[in-house]
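Written out below as structure tokens is the structure these notes cover.
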There are 4 protein chains.
Amino acid sequence: MNRNKCFSVIGGDARSIEAANALFNSGYAVKVFAFNDKCSFKQGVIRSKTIQDATSDADYLLLPIPYSTNGESVNAPLYDNSLLLSTLFQHIKGFQTVFAGRIDESFHSDMNTKNISHYDYAKREEFAIYNAIPTAEGAIEIAFRECPFTLNGSRCLILGHGRIAKILRHMLTGLGAGVAVSARKISDLAWASSFGADAFSIYDLSKHIENYQIIFNTIPYCILTKDILAKAKQKPLIIDLASRPGGVDFEAAGQMNLKAIHALSLPGKVAPDTAGRIICDTVLNIISETEVKE
Amino acid sequence: MNRNKCFSVIGGDARSIEAANALFNSGYAVKVFAFNDKCSFKQGVIRSKTIQDATSDADYLLLPIPYSTNGESVNAPLYDNSLLLSTLFQHIKGFQTVFAGRIDESFHSDMNTKNISHYDYAKREEFAIYNAIPTAEGAIEIAFRECPFTLNGSRCLILGHGRIAKILRHMLTGLGAGVAVSARKISDLAWASSFGADAFSIYDLSKHIENYQIIFNTIPYCILTKDILAKAKQKPLIIDLASRPGGVDFEAAGQMNLKAIHALSLPGKVAPDTAGRIICDTVLNIISETEVKE
Amino acid sequence: MNRNKCFSVIGGDARSIEAANALFNSGYAVKVFAFNDKCSFKQGVIRSKTIQDATSDADYLLLPIPYSTNGESVNAPLYDNSLLLSTLFQHIKGFQTVFAGRIDESFHSDMNTKNISHYDYAKREEFAIYNAIPTAEGAIEIAFRECPFTLNGSRCLILGHGRIAKILRHMLTGLGAGVAVSARKISDLAWASSFGADAFSIYDLSKHIENYQIIFNTIPYCILTKDILAKAKQKPLIIDLASRPGGVDFEAAGQMNLKAIHALSLPGKVAPDTAGRIICDTVLNIISETEVKE
Amino acid sequence: MNRNKCFSVIGGDARSIEAANALFNSGYAVKVFAFNDKCSFKQGVIRSKTIQDATSDADYLLLPIPYSTNGESVNAPLYDNSLLLSTLFQHIKGFQTVFAGRIDESFHSDMNTKNISHYDYAKREEFAIYNAIPTAEGAIEIAFRECPFTLNGSRCLILGHGRIAKILRHMLTGLGAGVAVSARKISDLAWASSFGADAFSIYDLSKHIENYQIIFNTIPYCILTKDILAKAKQKPLIIDLASRPGGVDFEAAGQMNLKAIHALSLPGKVAPDTAGRIICDTVLNIISETEVKE
């Protein structure tokens, strides 16, 4: 292993630490910057003292997800100082390739101005698929914690049948829960029932909702309205996994004394190591595809 | 439903509340005693004000598990007063049947003196089998909480292949973990591998332990000794489910900076409703068997 | 149940018989035509003696899959006579809706000329999904029959990750086989590994093929070429599920003494009842969607 | 690998061939006798021409299951001649260990007379457990072949909850069938329902039997009597896996036009290679246990 290609991992939380370690395990030389002394890296990973050093001879730069939370500095919650985006951008060179999470218009135009190759790993299909696993586990952990009954033998309803829903359906079934899926498309219902779940049209939700003890929502618009919630006779636990503003009328749920939890960004919270490895794997996929093309 | 047979549920925690509710749902008249006002019972369950009333016309008495924690009074953590065993025993009549958890010699002889039918539901085989489910879920919940990686794709080792181990093996497999079982008996290894787990003899534990990230112990003697723990190179999380004193040299684990959690009495903690229903089901099984015999 | 809508089921094999029975069970009046006396229908299904009677007061006509095998007459293998398409078409009325399998250009234009609503149920997504189940079971039945070893514990490779592959992966895993998926898209590999299968790029097939005892192909072009087959050291059983001409160089396989089975049209062969019910369900889905739109 | 211990495999069917090959793969020298030229062994396995040669320097002798079918000669269906037991016994030496299947009283006394260590591998617990897998697969293959519907989504009933039943329950569930278990012991019902099956007492069989499309019997006495069969309204397929005389009133089943198949000795028929490897594994377990003891 010659480690003749170098990654510079700049900023981020525990996921970035694990991504750096995983890149090192994959055979790359790895430098890290914008992490404090408490952060623990594999032996062999080099801690750069300055942004100059961090960027000087790197082939690839890895920025966190999101790359910035305020549009001004790099997202670096484990750094005791702050690193301005403008400072970072000055040090990126034309031959380097930048990987970052949730790239926005301003980032794009900055990179394009300098003609720098850049990729948003968070937009990759496999990134989303792999992250469905820690998301589903995080949702199940919440259900374990909140429910006074076992998931085995419980009646769970999953709204939607996208990536997270498919993994949730599989894991809940594996735990012995009774699982139903409600979705709009007939083909999604066909898939769910082919894998052993009950399945009914989302248009019939108000008829069926009374049968369930736990509801996992993955649909990103307000599907659990006041009217629908009023039919939920068993006072189900509601775990909303849809991105903001979610799929639940939380105010109505509160008034009805229904516990509804909006669980966001679970992978980084419940399984930062796995989430970091997913970043590593996705970035390596991008490299492998672009190098093949070249 | 004529509710012409009456259960008196006396003392206990959330499990006894749910057992009372489940007995009511099964068609029995139910009286409860030694619960404070915050305890919530199904409509129709009668709250007795006195032990006289609670026992007067009951056919069956249901005591908690354990029936007493001090040998003097009924185990009644949700009761603001205390109910002496001697007081309770005065009120039990010869035609009544008493169900209690973890009956000891003193209880037996008290009951036998008065010629009262009594059963320890905690000794029933199906009680242990059903409780393996909340125990396994509790163990998985701990693993979810403690691990920075997903159980899906992780390498888990289960020591022993009794009831809890079998359910754990099944659930962890269902979550997509890689599962190995180590046990003494060749037939247990044959079973584990027949259900898709890796399997190796407990005598080879020191050779294999380095491969695992999480170890669930169910063997009730010190199997994870200092010497064995020293071989656990991946610093696994250890979850010990064996009853006191457990199967781990906790002191050695602490010195090696290994996290080892002794998780006891999980059903009542993580899923009191399910645990209560299991009490109800087991008691009804006993009644159904003895009535068939009569 | 007033049975005030009438289906006329005309021609077909055992699937059409079961489709007729299933439509009857769903509450429709059902007439059948072009079946001989040995065909057994549910009590209440009416056997029309003439095509006039079969079509006179029907709201819906159900033709088989494929609706014709020769372009001249209705596909009616259980009919002792023959029914010309031209004769049938004369009797279809403008208010009727026709459902048929594998509708071609000539059928379309005939229907359009007469302004008759018509649908190809075989083109529906859920039809394909549901039929993946009998296809997968048929493939597994072949593997059971041909292999001198158990599928449990065997090493199976699935080429492709479309509908049939997903169901096969799930069922083989459920039987305890070791399952690998090879496909082109990274996202497909991510899905397969998320559900516990090994996964590798189809571009690496020649490197990995020697590890497998059974290969299920679902990719509809020649993926198992002479060169690739030469690497299959374990002499695997090959079951090709891709439609003609399939994905195997059968001649090369023969020369290498590799058993390669091209298994086509499995649903109708291995589970005609299920296949018939799928036709019924799909047709009812079409009706329900179009009626909602109206 | 020095192959300094030698196995002599004498007689038997395809299972014995595979057992010989598996023993060779495990590092033993292997001689075979009483197989014709069409039998194919691994390169390195030595074909003895005479019983003298076969037994001369062997440490272990492996006889088939059953070791004899007529009490006079070795069970050797792939041998063009016949080998008398008396001839074989003359050649066995005191230091050799003999492994055979279904050892009877006469074999025992012959061996004991000569003070020869001998073991019946068919009596080992793990032998029975491992053979439950090919038995279950054979039963499922029959169901696939006989049923015009898919097992996925079908309603299957398993009678009994011993080894074969447990594996069948697991595999059928894995294929997506709806599975119920009926047994006598409450603990068996608790196990079955813990793993997701419906469960009801065998005493209630007549009440429930009408719900099932396929019945797998594993109970070795006549449980499916004429009276019970009369309640089986769905005309289920019956697959009887219990050893002779089985658990079905086959005459009554025939009169009621119920298809009932008595499927015996499935491992050797459907998966001889697996069955042979099980013999090898079991014999090695016996050796490993006795050598440890020595």
**OP:** Filter region C:255-294 down to residues that are more than 11 Å from chain D (Cβ to nearest Cβ) and either buried (at least 22 other Cβ atoms within 10 Å of the Cβ) or within 12 Å of the chain's Cα centre (by Cα) (or both), then give me how many there are.
**Re:** 8
Original post:
Is one or more of the residues making up region D:213-220 more than 30 Å from D:Ala29 (Cβ to Cβ), without any contact (Cβ under 8 Å) to a residue 40 or more places away in the chain and either of a type outside the set (S, T, N, Q) or surrounded by 23 or more Cβ atoms within 10 Å (Cβ to Cβ) (or both)?
Top reply: yes
Original post:
Just wondering, is there one or more residues in region B:112-130 that are within 14 Å of chain D (Cβ to nearest Cβ), without any contact (Cβ under 8 Å) to a residue 40 or more places away in the chain and closer than 30 Å to A:Thr135 by Cβ?
Top reply: no
Original post:
Quick one: which of D:Ala190, D:Ala232, D:Ala180, D:Ala253 is farther than 20 Å from D:Ala128 by Cβ and in a strand (DSSP E or B)?
Top reply: D:Ala180
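Here is a yes/no grid of residues against (1) surrounded by fewer than 19 Cβ atoms within 10 Å (Cβ to Cβ); (2) within 18 Å of D:Gly178 (Cβ to Cβ); (3) not assigned by TED's automatic domain parsing to the domain that holds A:Asp240:
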| residue | (1), (2), (3) |
| --- | --- |
| A:His170 | no, no, no |
| A:Ala177 | no, yes, no |
| A:Ala183 | no, no, no |
| A:Ser194 | no, yes, no |
| A:Asp198 | yes, yes, no |
Original post:
Among the candidates C:Ala58, C:Ala20, C:Ala54, which residue alone is within 16 Å of C:Gly276 (Cα to Cα) and either of a type outside the set (D, E, K, R) or touching a Pro at 6+ places or on another chain (Cβ under 9 Å) (or both)?
Top reply: C:Ala20
Original post:
Pick from region B:26-50 the residues that are exposed (fewer than 11 other Cβ atoms within 10 Å of the Cβ) and not charged (D, E, K, R): which of them is farthest from B:Ile279 (Cα to Cα)?
Top reply: B:Thr50
Original post:
Of these, C:Asp57, C:Asp80, C:Asp53, C:Asp104, which one is assigned by TED's automatic domain parsing to the domain that holds C:Ala20, under 30 Å from C:Ala165 (Cβ atoms) and out of contact with any His (no Cβ under 9 Å at 6 or more places or on another chain)?
Top reply: C:Asp104
Original post:
Any chance region D:229-249 includes a residue that's within 14 Å of chain C (Cβ to nearest Cβ), closer than 30 Å to C:Arg145 by Cβ and touching a Ser or Thr at 6+ places or on another chain (Cβ under 9 Å)?
Top reply: no
**OP:** Would you confirm whether any residue within region B:144-151 is facing chain A (nearest Cβ under 10 Å), surrounded by fewer than 21 Cβ atoms within 10 Å (Cβ to Cβ) and not in a loop (DSSP other than H, G, I, E, B)?
**Re:** yes
Original post:
So which residues in region A:1-19 are over 15 Å from A:Asn75 (Cβ atoms) and either within 14 Å of chain B (Cβ to nearest Cβ) or of a type in the set (A, V, I, L, M) (or both), if there are any at all?
Top reply: A:Met1, A:Glu18
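When you scan region C:196-228, how many residues do you find that are out of contact with any Ser or Thr (no Cβ under 8 Å at 6 or more places or on another chain) and in a loop (DSSP other than H, G, I, E, B)?
7
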**OP:** Spot the failing condition for B:Asp53; the list is (1) in contact (Cβ under 8 Å) with a residue 24 or more places away in the chain; (2) assigned to a helix (DSSP H, G or I); (3) not small (Gly, Ala, Ser), and only one is missed.
**Re:** (1)
Subject >> Matching residues, region C:81-103, being at pLDDT below 95 and among the charged types (D, E, K, R) >> reply: C:Lys93
Original post:
Residue check: is B:Leu157 in a helix (DSSP H, G or I) and more than 12 Å from chain A (Cβ to nearest Cβ)?
Top reply: no
Original post:
Of the residues that make up region D:115-122, is at least one under 20 Å from the mean Cα position of the chain (by Cα), under 24 Å from D:Pro272 (Cβ atoms) and part of a helix (DSSP H, G or I)?
Top reply: yes
Original post:
Quick one: would you say A:Leu224 is away from chain B (no Cβ under 12 Å), under 27 Å from the mean Cα position of the chain (by Cα) and not aromatic (Phe, Trp, Tyr)?
Top reply: yes
**OP:** Please work out which one of (1) more than 14 Å from chain C (Cβ to nearest Cβ); (2) closer than 22 Å to B:Ala192 by Cα; (3) not basic (Lys, Arg) is the condition D:Glu137 fails and give its number.
**Re:** (1)
Original post:
Is there any pair with a first residue in region C:89-100 that is aliphatic (A, V, I, L, M) and a second that is loosely packed, with under 12 Cβ neighbours inside 10 Å and in a strand (DSSP E or B) whose Cβ atoms are under 7 Å apart and which are 6 or more apart or on different chains, and what are they?
Top reply: none
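The values are calculated or read from the model by the stated rules, or taken from the named source; none is laboratory data. Note that this is a predicted model, so its numbers are computed, not measured. We place every Cβ from the backbone using ideal geometry, glycine too, and count neighbours over all the protein chains shown.
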